[in-house]
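Notes follow once the structure below has been shown.
Here, each number is a calculation from the coordinates, and none is a lab measurement. The shown structure was predicted, so the numbers you read here are calculated from the model rather than taken from an experiment. Backbone-built Cβ (ideal geometry, glycine too); neighbour counts: all protein chains shown.
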Amino acid sequence: MKTRTTTGTGLLTLVLAMVWLLPFAAEANQDQALALMKRNQCNKCHTIKAVGFQKDPTLKDDEGDEEEAKDDKEAPDLSGVGKKHDADWMELFLQKREKIKGRKHTRRFKGTPEELTLLTKWLETLKN
């Protein structure tokens, strides 16, 4: 019986530690995701007002990756993107393999597959 009690206590401790650490992990993921968004210049077009991510007016348009003609539409604020799309769909969209209203994303994501997954999993949590 003592083995079960020890195992049960160990499991309870592990679960409590995970619950306690979860907010710290989420904050780390947010920091990493926002850093990826800045590095990929997502703030050239997008904002995430819910977390204070603003456009950077100093970023200039680059040449080359834009397959779709630009129009005068404003890129959306991504604060509630997780209500509309899941991470798997966002990965496809950022790889130009999915469309919104018949249009692909303007730029293909240029990071690693792991970075794309981290970013889209975090974006999926945005439900404001």
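Ranking of Met90, Met37 by neighbouring Cβ atoms within 10 Å, starting from the fewest: Met37, Met90.
By its C-alpha gyration tensor, with a ≥ b ≥ c as the square roots of the eigenvalues, how is region 68-128 shaped: rounded for a/c under 1.5, else prolate for a/b larger than b/c, else oblate? Oblate, because a/c is 1.5 or more while a/b does not exceed b/c. Taking a straight line from the alpha carbon of Lys110, these lysines sit under 21 Å away, with near neighbours fewer than eight places off in the same chain left out: Lys38, Lys44, Lys55, Lys60, Lys70, Lys96, Lys99, Lys121.
By the beta-carbon count within 10 Å of each Cβ, the least crowded to most crowded order of Thr125, Thr9, fewest first, is Thr9, Thr125. Listing Ile100, Ile48 from fewest to most neighbouring C-beta atoms within 10 Å gives Ile100, Ile48.
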